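A.B. asks: Have a look at the structure that comes next, please.
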Amino acid sequence: MEKHVVHMMDAAKVCFAKYSDFQGRSDRVEFWYFIAFACLFVPLMSSLNAIFFGLHTDFVPLTIIGLFAILCPVCAVTARRLQDVNRPGRWQALALIPAVPVLAFQFIPKLGSIEVLSFISTISTFGLLAAIMILAFWCSRRGDPTVNAFGEAPEIREDESRNVPETYIYNQR
């Protein structure tokens, strides 16, 4: 029996252990605790970078290491969460679509003026925010309580564990 995620550190352990597992399903508690962990982890790495290398430097190895360390587990847990609400995990690529025009203008010189780049960056930013809101809405929905195309439901749903001590949950089985 797989242990149910109850705390943020449990979520971090589970998600780092399943960093390359894009199959199966993940409940809301595991997903949101890990997203909260990621939102704390990256600024922590940036702060450590500032402490060790100074504030006003372009040398940011700890920040880059932190981003790369958290990227794959975030993608994996998001895919599993989307699969829990019966959507393919590939839907998270929706957030990449707005970045394409910006990257094209950044890496292909003389493609346009600064005004055009500014306009496209603004539109892409709104597109990215819209994609993130859609994904957040899907990930906040209650998971499918039965077997779906992506596997069985997590054994203990998050609604059963809310405000109940962990020992109570495991001793009642």
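A.B. asks: Could the peptides 49-60, 28-39 be put in order, highest first, of the mean number of other beta-carbon atoms found within 10 Å of their residues?
C.D. replies: Values: 49-60: 11.0, 28-39: 20.2.
So the peptides 49-60, 28-39, ranked by packing, come out 28-39, 49-60.
A.B. asks: Exposure proxy check: 41, 150 ranked by fewest other beta carbons within 10 Å?
C.D. replies: Fewest to most other Cβ atoms nearby, the residues stand as 41, 150.
A.B. asks: Now for a different question. Over the Cα atoms of segment 24-91, what is the Rg over Rh ratio if Rh follows Kirkwood? Could the numbers behind the result be given before it?
C.D. replies: Details: Rg = 14.9 Å, Rh = 13.1 Å.
My calculation of the ratio gives 1.14.
A.B. asks: Right, next: Would you list the P(r) distribution for segment 88-142, with all Cα-Cα distances sorted into 5 Å bins from 0 and each bin expressed as a whole %?
C.D. replies: 4, 20, 25, 18, 13, 10, 7, 4, 1, 0
Here, each number is a calculation from the coordinates, and none is a lab measurement. Since the model is a prediction, treat every value here as computed from it, not as a measurement. When we count neighbours, we look across all protein chains shown, and the Cβ atoms used for this are built from the backbone with ideal geometry, even at glycine.
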